[in-house]
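Accompanying notes for the structure given below.
The values are calculated or read from the model by the stated rules, or taken from the named source; none is laboratory data. These figures come from a predicted structure and were not determined experimentally. Cβ: placed from backbone, ideal geometry, glycine included. Neighbour counts: every protein chain shown. Ligands, DNA and RNA are excluded from the accessible area calculation, which covers all protein heavy atoms including side chains. Shrake-Rupley method; radii C 1.70, N 1.55, O 1.52, S 1.80 Å.
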Amino acid sequence: MKPRFPNQLKMLMAVVGSTGFIIAAQAGEISPLSLQTRSSLASIWTSPTFTGDWSLRTRLADEGITFNVQYAAEVWSNVTGGESTGTVYTGLMSLQGNVDLQKLVGWQGASVSTRWYWLTGQDISAKHVGNIFTVSTIAGLPTLRSNELWFQQNFLNDRLSIRVGQLAADSQFDLSTYSVVFLNGTFSWSSYLSTNIPNGGPGYPMGAPGVQVALTPLNWLTYQGAVFQGNVFAQNVNRHGFRWDLNASNGYFSIHELNFRMNQGAESSGLPGTFKIGGWFDTAPDPDASNTQPWNYGLYFIVDQMLYRVPQPGPAPAVSNNRRQTAAPSQTDKGLGIFTHIGLAPRNSSVINFYVDGGLNYKGLIPTRDNDVLGVGFAYGHLNNNPQGNDGSSNPGYEMVFEATYQIVLTPWLSFQPDLQYVMQPSSTDIPNALVLGAHATISF
């Protein structure tokens, strides 16, 4: 009997099978093709989306209406340890639409945006590993879900903005430039937030009604803050994202952040870096935590710093006849970067009261692979409750994960990413340490 595969798994296998062909073609290792065929392939490879630039899309963009459809497919296998060994498929289709009301109707500084998710497949952490730091950043309850639906008005030449509607906090807060390449969920909406807010708070895949304000008084400084519905409800209760309930009994979640930027300009000769300090407050903490107070709060710090920049090829800046130096070649983003998150919360009202992660990534390590990214990272979370093992002994009160990943950007619209994760002390229990192997592919239409 022939084995059966889900349609999504067949799609991922097809992407994997084409990866070698595309890389070889880009490297010129495939036999010469006709001029027309080469031209057609070149157009496909350089297009920002798989479907290319077609007339209706262009006309809508000229009127201020843009949209994007992206599909992400993952296969994960827990090869040893965890609650059980096994393999799962995880899929996510994202649908994004944006309307620039200034272009469309002349409303200066106004815009509307929406994002929807169609989640499929299974969560390897829930099914086989049994850990807190979710292995897949796209895993969730299979359903069609509204994540964001908001209106924004900008003022003061876009230095001040107010956004209102259904918002996702993880699209604006707790973001690290260098950690986004990793596939473990704790490197996006960090576990010091998701474990200490009811049902994970307004982070992927959930959104919640809220209001957000952002102010940039100086080019190197931005303040942003937001208030959300405190309890977003469990995914199987709020299945499609419209369980809006602003009753005070559900509490309110508020988060604020200061962003400091260094050496960000194209003319800057220094290495760019970003430092963020944030704080959050929630009036409806997780009932499963050992609470002795009716609210919860926390602080966090994020650092992104480029350590080494690959020299930009090209002539050195020339000096003109009037002794003024001409412009130097634009800076490249290829090179080595480092990041870290640190999160703190009260012991008496939090699941995780101390969290730290960090890692390195290198963009363009392999010659001719300028957009590929190699990343290695770790995350550690201290759990307040120390569960008892089967023998009655107290387990270490922490969970850790190590991840190594390599993102291969095949075209602007197609990427493939093998990944390895090693999970230590899953959920701080006597579940054996787990080794998880996986692959992630993304295609933009």
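If you go through segment 250-264 and pick out every residue that is under 17 Å from residue 217 (Cβ atoms) and surrounded by fewer than 18 Cβ atoms within 10 Å (Cβ to Cβ), you end up with 5. The one condition from (1) part of a loop (DSSP other than H, G, I, E, B); (2) at negative phi; (3) in contact (Cβ under 8 Å) with a residue 40 or more places away in the chain; (4) not aliphatic (A, V, I, L, M) that residue 107 does not meet is (3). Of all residues in segment 163-189, exactly one satisfies the criterion of being open to solvent by less than 20 Å² (accessible area, probe 1.4 Å), more than 29 Å from residue 405 (Cα to Cα) and of a type in the set (A, V, I, L, M), namely 167. Among 275, 242, 281, which is open to solvent by 60 Å² or more (accessible area, probe 1.4 Å), within 21 Å of residue 335 (Cβ to Cβ) and modelled with pLDDT of 90 or more? Answer to the selection: 275. Do we have any residue at all in segment 335-347 that's at pLDDT 95 or above, of a type in the set (S, T, N, Q) and either assigned to a loop (DSSP other than H, G, I, E, B) or open to solvent by less than 70 Å² (accessible area, probe 1.4 Å) (or both)? Within segment 335-347, one or more residues are at pLDDT 95 or above, of a type in the set (S, T, N, Q) and either assigned to a loop (DSSP other than H, G, I, E, B) or open to solvent by less than 70 Å² (accessible area, probe 1.4 Å) (or both). Of all the numbered requirements in (1) modelled with pLDDT of 95 or more; (2) on the phi > 0 side of the Ramachandran plot, residue 221 misses one, and that requirement is (2). All conditions in (1) open to solvent by 80 Å² or more (accessible area, probe 1.4 Å); (2) modelled with pLDDT under 95 hold for residue 307, with the sole exception of (2).
Among the residues of segment 414-430, how many are surrounded by fewer than 21 Cβ atoms within 10 Å (Cβ to Cβ) and in contact (Cβ under 8 Å) with a residue 60 or more places away in the chain?
Within segment 414-430, residues that are surrounded by fewer than 21 Cβ atoms within 10 Å (Cβ to Cβ) and in contact (Cβ under 8 Å) with a residue 60 or more places away in the chain number 3.
Of all residues in segment 21-38 being exposed (fewer than 11 other Cβ atoms within 10 Å of the Cβ) and either closer than 21 Å to residue 93 by Cα or of a type outside the set (Val, Ile, Thr) (or both), which is modelled with the highest pLDDT? Restricting to residues being exposed (fewer than 11 other Cβ atoms within 10 Å of the Cβ) and either closer than 21 Å to residue 93 by Cα or of a type outside the set (Val, Ile, Thr) (or both), the top hit is 36. Among the residues of segment 194-233, those identified as open to solvent by 40 Å² or more (accessible area, probe 1.4 Å) and out of contact with any strand residue (DSSP E or B) (no Cβ under 6 Å at 6 or more places or on another chain) are 199, 204, 217, 218, 219.
Residue under question is residue 157, and the condition is that it be in a loop (DSSP other than H, G, I, E, B) and more than 20 Å from residue 354 (Cα to Cα); does it hold? So residue 157 fits the description; yes. The set of residues in segment 120-162 being aliphatic (A, V, I, L, M), touching a residue at least 12 places away in the same chain (Cβ under 8 Å) and open to solvent by 30 Å² or more (accessible area, probe 1.4 Å) consists of 126, 132, 141, 144, 149, 160, 162. Counting the residues of segment 351-375 that are among the β-branched types (Val, Ile, Thr), within 21 Å of residue 189 (Cα to Cα) and open to solvent by 70 Å² or more (accessible area, probe 1.4 Å) gives 0.
Residues are listed down the side, and each one gets a yes or a no for (1) part of a strand (DSSP E or B); (2) surrounded by 18 or more Cβ atoms within 10 Å (Cβ to Cβ):
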residue	(1), (2)
51	no, no
56	no, no
66	yes, no
83	no, yes
91	yes, yes
111	yes, yes
118	yes, no
